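The values are calculated or read from the model by the stated rules, or taken from the named source; none is laboratory data. The structure displayed is predicted, hence computed values, not measured ones. Here the Cβ positions follow ideal geometry from the backbone for every residue, glycine too, while neighbour counts run over all protein chains shown. Side chains are part of the model used for accessible areas, which takes the heavy atoms of the whole protein and leaves out ligands, DNA and RNA. Shrake-Rupley method; radii C 1.70, N 1.55, O 1.52, S 1.80 Å.
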Amino acid sequence: MSRPLLVLLALLALTACATQPRIARTADGKPDLNGIWEAMGTAHWNLEPHNAQGGPIAQLGALGAIPGGLGIVERATYLPHPFQITQERSALLIAYEFAGATRIVYMNQPDLPAQVDSWMGHNLGRWEGDTLVIDVTAQVADTWLDSAGNFHGPAMQVQERYTPAGPDLLLYEATITDPEVFTRPWKISLPLYRRLDKNAQLLEFRCVEFAEELLYGKYRKRPVSP
């Protein structure tokens, strides 16, 4: 091989390395996803494009209004609440601030069966290069995809992909397959940002507690004063 060709190949290799995002890695060379992440957007109101509109409680005015959004046409991941990833070689724990929900992702166990349907589903993960792929099944059919009422059936399967695009940025994609509800699989995508604020941590957001008065307040002997 001629010297000019060797020099050209070396330059191409250096250029390729320079264009790759610099990301932290674990001891086994996988991307280090440990930390607190959060989506920024309005997809939790409606996955599809939508104009700004009044909220369900007129008395709240602009405070309860729904902001417009371009749409992202999956669930807790795109809510405007932080979530934390704790990563080990054999499993990941994803803890959400919203409702205190948690998911255990079992890595490299493709034949591990689901024991029961659950709110967060049965999560089996693997690595494809630097992309974390999670196949989610066994999800209860009572959850909605957004506040607009887009729903799914009991047979829904979701494949999530988390791809590092920088030290503090993940590109998130989810392909939803549900032949009982949708005529074809469809995909959403959005960026997830690492929380860099000092002492970042998950706080409590117990959504059920905020709905108790609305659901059961009429049964109180002494109603709560407004």
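Sub-6 Å Cβ pairs linking a first residue in region 205-221 that is within 11 Å of Ala99 (Cβ to Cβ) and at pLDDT 80 or above to a second residue that is not basic (Lys, Arg) and not in a loop (DSSP other than H, G, I, E, B), at least 6 apart or interchain, are Phe205/Phe98, ordered by first then second residue. The residues of region 190-226 that are of a type in the set (A, V, I, L, M, F, W, C), open to solvent by 100 Å² or more (accessible area, probe 1.4 Å) and in a loop (DSSP other than H, G, I, E, B), listed by number, are Leu196, Leu203.
Quick grid of which residues meet (1) in a loop (DSSP other than H, G, I, E, B); (2) of a type in the set (D, E, K, R); (3) surrounded by fewer than 18 Cβ atoms within 10 Å (Cβ to Cβ):
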position: Pro80; (1), (2), (3): yes, no, yes
position: Ile85; (1), (2), (3): no, no, no
position: Ile94; (1), (2), (3): no, no, no
position: Val105; (1), (2), (3): no, no, no
position: Gln109; (1), (2), (3): yes, no, yes
position: Gln115; (1), (2), (3): yes, no, yes
position: Met120; (1), (2), (3): yes, no, no
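When region 126-136 is filtered for residues that are over 15 Å from the mean Cα position of the chain (by Cα) and either in a strand (DSSP E or B) or of a type in the set (Lys, Arg) (or both), the ones remaining, listed by number, are Arg126, Trp127, Glu128. Of all residues in region 125-137, those being closer than 17 Å to Ala91 by Cβ and open to solvent by less than 30 Å² (accessible area, probe 1.4 Å) number 5.
In region 174-189, is there at least one residue being open to solvent by 100 Å² or more (accessible area, probe 1.4 Å), acidic (Asp, Glu) and under 27 Å from Trp144 (Cα atoms)? Within region 174-189 (the criterion being open to solvent by 100 Å² or more (accessible area, probe 1.4 Å), acidic (Asp, Glu) and under 27 Å from Trp144 (Cα atoms)), the answer is yes, since at least one residue qualifies. Residue pairs whose Cβ atoms lie under 6 Å apart, sitting 6 or more positions apart in sequence or on different chains, and linking a residue in region 137-150 that is assigned to a loop (DSSP other than H, G, I, E, B) to a partner that is open to solvent by 40 Å² or more (accessible area, probe 1.4 Å) and not polar (S, T, N, Q), are Ala138/Ala114; Ala138/Asp117; Val140/Asp117; Val140/Trp119; Ala141/Pro154; Ser147/Trp45.
Per-residue answers, yes or no, for (1) at pLDDT below 95; (2) in contact with a Ser or Thr (Cβ under 8 Å, 6 or more places away or on another chain); (3) closer than 23 Å to Phe98 by Cα; (4) not hydrophobic (A, V, I, L, M, F, W, C):
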residue: Pro154; (1), (2), (3), (4): yes, no, yes, yes
residue: Glu160; (1), (2), (3), (4): no, yes, yes, yes
residue: Ala165; (1), (2), (3), (4): no, no, no, no
residue: Leu169; (1), (2), (3), (4): no, no, yes, no
residue: Thr175; (1), (2), (3), (4): no, no, yes, yes
residue: Asp178; (1), (2), (3), (4): no, no, no, yes
